[in-house]
Amino acid sequence: MSGHSVGAVESQRAHFDQPLHLRSGGILPAYDLVYETYGTLNAAKSNAILVCHALSGHHHVAGHYADQPDNIGWWDNIIGPGRPLDTERFFIVGLNNLGGCHGSTGPSSINPATGKQWGADFPIVAVNDWVHAQARLADRLGIDSWAAVMGGSLGGMQALRWSITYPERVRNAIVIAAAPKLSAQNIAFNDVARQAILTDPDFHGGNYYQHNTRPVRGLRLARMLGHITYLSDDQMGEKFGRELRNSAFSFGFDVEFEVESYLRYQGDKFAGYFDANTYLLMTKALDYFDPSREDDGDLNKTLARTKANFLIASFTTDWRFTPARSKEIVAALLAARRNVSYAEIDLNFGHDSFLMEDAQYHGVVDAYLRNIKL
């Protein structure tokens, strides 16, 4: 790995008293955003990059905590001195989105109107709501215009949304492993995952906090299903094949194949720390994302409102958001006569490729960022 980590970091919290009117019609009267920054904002405040997280991500993007040296940020391999997101040149901002479960206001936060946790009363949030909330954080930090807004998967959709909603405030948008909207198959996967949670007897209509329980079984199943879609078929074949934990069939329903063991481990691990209501909100935000809906499905017209330069990147083995989906964005940007670079990267980790360290992938991002004028 080139460069090195940013080292020990600390989270920060910003409180906003101004009500946020949401796309769903709901209103958050006030809210907190938890965020982290890496590097130094220059005097012109022109070197800031916003990193947006995907479904289960959060604000801890790089480095580690002084008292938790093993708690490494989820994109640490690309951020730091000498790395593509070079903190000796850029000021990096990562935050936990509204509705999250890592410190920003979400369903497990206290609703000031009731004195109880929001639970099922937390309003549905959309990608555009997150962008508006992020814009207020940018205002708080004194950042008028981002050098770049970037992210993978749902994070890439936020970068695309930023370029449409605030065209004057985004000079570059880096959209990785994303799509202009979900396919029917994508929505179907999300709904099956949600049904696993919603039908868990411990869900209690979303107010499980008041029953001192959590819908662990449903969340576990949801994660297992999601995890299958994040990996490529070849990767799973290479990693697990048909290997058995023991040498012979047991002719029962306990774990036999290594892939079963892996998925159950991932499901248990995720259900141990993530909030089920947040999972529901994040998947619905994915389902609702479709900026071209504002223009009767004409993505060319929608992206004609952007002013940023774009890097669109996809991965050959990503079957959740295939390269063809990224090319839909590229085609619309070209039709709108926007400056766009496209990279299709041969990497064997499926949808999760955007999280991986790879010389070609990181080289593409590094080359693009090096050409950004601050």
Self-check item: Label-to-label distance, nm, for residues given as ASP144 and MET236 (7 Å Cα→Cβ offset)
Solution: 5.1
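Between LEU225 and ASN371, what is the FRET efficiency for a Förster distance of 35 Å, r being their Cβ-Cβ separation, to the nearest 0.05? It would help to have the intermediate numbers written out before the result.
On the way: r = 40 Å, r/R0 = 1.14.
With R0 = 35 Å, the Cβ-Cβ based efficiency is 0.30.
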Quiz item: At a 1.4 Å probe radius, carbon and sulfur cover how many percent of the accessible area of the chain?
Solution: 50
Self-check item: Highest-fluctuation residue, ARG220, ARG140, ARG325 considered, GNM on the chain with Cα pairs under 10 Å
Solution: ARG140
Practice problem: Mind computing the radius of gyration and Dmax over the alpha-carbon atoms of segment 314-374? Å is fine for both. | Solution: 12.6, 36
Practice problem: Please give, to one decimal in nm, the separation of the simple spin-label points placed at HIS15 and ASP298, each 7 Å out from Cα toward the Cβ. | Solution: 4.7
Quiz item: When the chain is modelled as a GNM with alpha-carbon springs shorter than 10 Å, which of GLY63, GLY39, GLY241 fluctuates the most?
Solution: GLY241
Quiz item: Which whole-number value in Å³ per residue fits the convex hull of the alpha carbons of segment 103-193?
Solution: 126
Exercise. Give a residue-ordered list of calculated ³J(HN,Hα) values for segment 51-61 (Karplus: 6.51 cos²θ - 1.76 cosθ + 1.60, θ = phi - 60°; whole Hz; x for Gly, Pro).
Key: 9, 9, 8, 8, 3, 9, x, 6, 7, 7, 8
Practice problem: Considering the convex hull of the alpha carbon atoms of segment 1-94, report its projected area averaged over all viewing directions, in nm², one decimal. | Solution: 7.7
Exercise. Using every pair of alpha-carbon atoms in the chain, split the distances into 20 Å bins beginning at 0 and state the percent of pairs per bin, rounded to integers.
Key: 28, 60, 12, 0
Self-check item: Positive-end extreme of charge dipole, segment 204-350 - chosen from GLY267, PRO215, SER247 (charges on Cβ)
Solution: PRO215
Quiz item: Over the heavy atoms of HIS21, what accessible area does a 1.4 Å probe trace out, to the nearest 10 Å²?
Solution: 130
Self-check item: Listed residues GLY206, ASN77, LEU95: farthest to the positive end of the dipole of the chain (Cβ charges)
Solution: LEU95
Quiz item: Ordering ARG89, ARG370 by how much accessible area each has at a 1.4 Å probe, largest first, what is the list?
Solution: ARG370, ARG89
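Roughly how compact is segment 63-148, stated as its Cα Rg over 2.2 N^0.38 Å to two decimals?
1.36
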Quiz item: Given only helices, namely DSSP H runs of n ≥ 4 each adding -39500 (n - 2.57), what is the per-residue ellipticity at 222 nm of the chain, to the nearest 500 deg cm²/dmol?
Solution: -10000 deg cm²/dmol
Self-check item: Beta bridge orientation in the chain: antiparallel %, DSSP, nearest 5
Solution: 35
Quiz item: For the residue pair LYS327 and ALA8, what label-to-label distance in nm results when each label sits 7 Å from Cα along the Cα-to-beta-carbon direction?
Solution: 5.0
Self-check item: Accessible area expressed per residue, the chain, with surrounding protein chains retained (probe 1.4 Å, Å²)
Solution: 43
Quiz item: What are the residues whose amide H is under 5 Å from the amide H of VAL9, where those residues sit 5 or more places off or on another chain and H is modelled from the backbone?
Solution: HIS64, TYR65, ALA66
Quiz item: What ³J(HN,Hα) values, in whole Hz, does the Karplus curve 6.51 cos²θ - 1.76 cosθ + 1.60 give for segment 290-299 when θ = phi - 60°, with x put for Gly and Pro?
Solution: 6, x, 6, 4, 5, 10, 6, x, 8, 5
Quiz item: Karplus couplings for segment 102-110 from phi (6.51 cos²θ - 1.76 cosθ + 1.60, θ = phi - 60°), rounded to Hz, Gly and Pro as x?
Solution: 10, x, 6, 4, x, x, 8, 7, 7
Practice problem: Among LYS327, LYS116, LYS307, determine the one that fluctuates most according to a GNM of the chain built with springs between C-alpha atoms less than 10 Å apart. | Solution: LYS116
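The values are calculated or read from the model by the stated rules, or taken from the named source; none is laboratory data. Because the structure is a prediction, the values reported are computed rather than measured. Quick reminder, even Gly has a Cβ in these numbers, built from the backbone with ideal geometry, and neighbours come from all protein chains shown. The accessibility values were calculated without ligands, DNA or RNA, using every heavy atom of the protein model including side chains. Shrake-Rupley method; radii C 1.70, N 1.55, O 1.52, S 1.80 Å.
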